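> Submitted below is the structure of interest, expressed as structure tokens.
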Amino acid sequence: MKDLDLKLLRVLHTLFEEQSVTSAARRLNLSQSAVSKHLARLRDMFDDPLFDRTAQGLKPTPRAIELFPQLRQLLSQFDQFARPSAFDPAVSDRRFRIDLLNTAYSLTFPHFMPDLLSKAPNVKLLTQTWEQHSLDKLLKCEIDIGIACREWDERSPLHMRYIPPDLYHTTLIREHSLCLVREDHPALNKPWNLDSFLYYRHIQVVMGGLEQWLLDDVLLEQNITRDIAIEMPDFHCAMSLCEQSDLILCAPARHANNMASHFKLRTLPMPIEFESGAYVMLWHKHFEKDLGHKWLRDLITQSVKQAIV
């Protein structure tokens, strides 16, 4: 282990992320044979294969999976230490990792990406869908930024006050929910209230690793539950089903309105009151004074807030 150097650690980190010698070599600007030689040295040093070859690419061994969080944190700390005192987006080739809700893509990326592409042509964003482990990844500095929903309603377990103290955050967009039904839904021909809302079965979209909405928490306080006919992983599929059935779909209003033109759906207000929530951007305090990180945060915040009133 005494011969372990930073270059080898970066090779290991890149192989874990790419899970391909070819892709890792391209990203590291090395030949495939050089990467293979580095991998052979790493295997000797850690006394472990680290990766098994499969038809889908390199599969990390349990030992590699165990090492990866520590490795990412170590490299992040070194990069922070070695980072220049100024950040020039025009020449930077940084890679930022962002986990965000599916519904947040259309509300954020179209507004800041044009500026990012023109001002920072070599910066790369690596995005994944926000899920139940994303908060832990933020706390471990395994990702740079998260964009998730948080609530202002006191009854919600996702209230803003429950954001861990090691994370900073800013509100990007305030958001409320609405109901979607097909164009000729029978509910449109009668008074719309909580009784009619509960009379029909519902589609539930499970996002961000959470199976229950604030709506359900509020209803449960009154000993009321919705009749969920089906759980689905995204709103596009859910809207398609809603269009073809008598099922009711509750959805974030801005995302639903953006998608409305693609489906024959009508919107109805929520028949029960609760305070609107928000899409928030989260980051670890470790990155607070990182100039490149701050540049990206400011770009996202300013662009989204200017575009969405």
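Quick note: the coordinates plus some simple rules give every number you see, no bench work behind them. In this text the structure is predicted, and so the values were computed from the model without any measurement. For neighbour counting, all protein chains shown are included, and Cβ atoms are generated from backbone atoms with ideal geometry for every residue, glycine included.
> Calculate, for LYS124 and TYR168, the FRET efficiency according to 1/(1 + (r/R0)^6) with r their C-beta to C-beta distance and R0 22 Å; round to the nearest 0.05.
Details: r = 23 Å, r/R0 = 1.06.
For LYS124 and TYR168, the calculated efficiency is 0.40.
> If the reach is capped at under 18 angstrom between alpha carbons, list the aspartates and glutamates near LYS294, excluding any in the same chain fewer than eight residues apart.
Hits, sequence-local ones excluded: ASP79, ASP88, ASP93, ASP99, ASP115, GLU142, ASP144, ASP166.
> Students often check this: by mean Cβ neighbours within 10 Å, which of 250-261, 123-134 ranks highest, and how do the rest follow?
Numbers: 250-261: 17.6, 123-134: 15.6.
In decreasing order of mean packing, 250-261, 123-134 become 250-261, 123-134.
> Expressed as an acute angle from 0 to 90° and rounded to the nearest 10, what is the orientation of the C-alpha long axis of helix 102-119 relative to the principal long axis of the chain?
Orientation of helix 102-119: about 50 degrees from the principal axis.
> Build a GNM of the chain with springs between Cα atoms under 10 Å: which of ALA40, ALA104, ALA120 gets the top mean-square fluctuation?
Looking only at ALA40, ALA104, ALA120, the largest GNM fluctuation is found for ALA40.
> Ranked highest first by average number of other Cβ atoms within 10 Å, how do 225-236, 135-146 line up? Numbers along the way, then the final one.
Numbers: 225-236: 14.4, 135-146: 20.1.
In decreasing order of mean packing, 225-236, 135-146 become 135-146, 225-236.
> Using only Cα atoms and rounding to the nearest 10 degrees, what angle (0 to 90) does helix 62-82 make with the longest principal axis of the chain?
Orientation of helix 62-82: about 80 degrees from the principal axis.
> In percent, how large is the relative contact order of region 177-275, given Cα pairs closer than 8 Å and 6 or more residues apart?
Values: 136 pairs, mean separation 49.7, N = 99.
Answer for region 177-275 is 50 percent.
> Using Cα-Cα distances under 8 Å and only pairs 6 or more residues apart, what relative contact order does the chain have, in percent? Provide the component values of the computation, followed by the final result.
Details: 447 pairs, mean separation 66.3, N = 309.
Relative contact order here is 21 percent.
> Among the DSSP beta bridges whose two residues both lie in the chain, what percent are antiparallel, rounded to the nearest 5? Each step should come with its number before you reach the end.
Working: 28 of 44 bridges.
Expressed as a percentage, antiparallel bridges in the chain total about 65.
> For every other residue with a beta carbon closer than 14 angstrom to the beta carbon of TYR199, add +1 if it is Lys or Arg and -1 if Asp or Glu, then tell me the sum. Kindly include the intermediate steps, with their values, before the conclusion.
On the way: positive: LYS190, ARG201, ARG226; negative: ASP195, ASP227, ASP246.
Charge balance in the 14 Å sphere: 0.
> Please list 148-158, 51-61 highest first by mean number of surrounding beta-carbon atoms within 10 Å per residue. Spell out each step's value before the answer.
Details: 148-158: 17.2, 51-61: 13.2.
Highest mean packing first, the order is 148-158, 51-61.
> Then there's this: Report the full-extension gain for the segment ASN193 to GLU221: residue separation times 0.36 nm, less the Cα-Cα distance, to one decimal in nm. Please list the in-between numbers first.
Numbers: separation 28, 0.36 × 28 = 10.08 nm, distance 1.79 nm.
Here the segment from ASN193 to GLU221 would lengthen by 8.3 nm.
> What is the helix-to-structure angle for 6-18, meaning the angle in degrees between its Cα long axis and the longest Cα principal axis of the chain, kept from 0 to 90 and rounded to the nearest 10?
40
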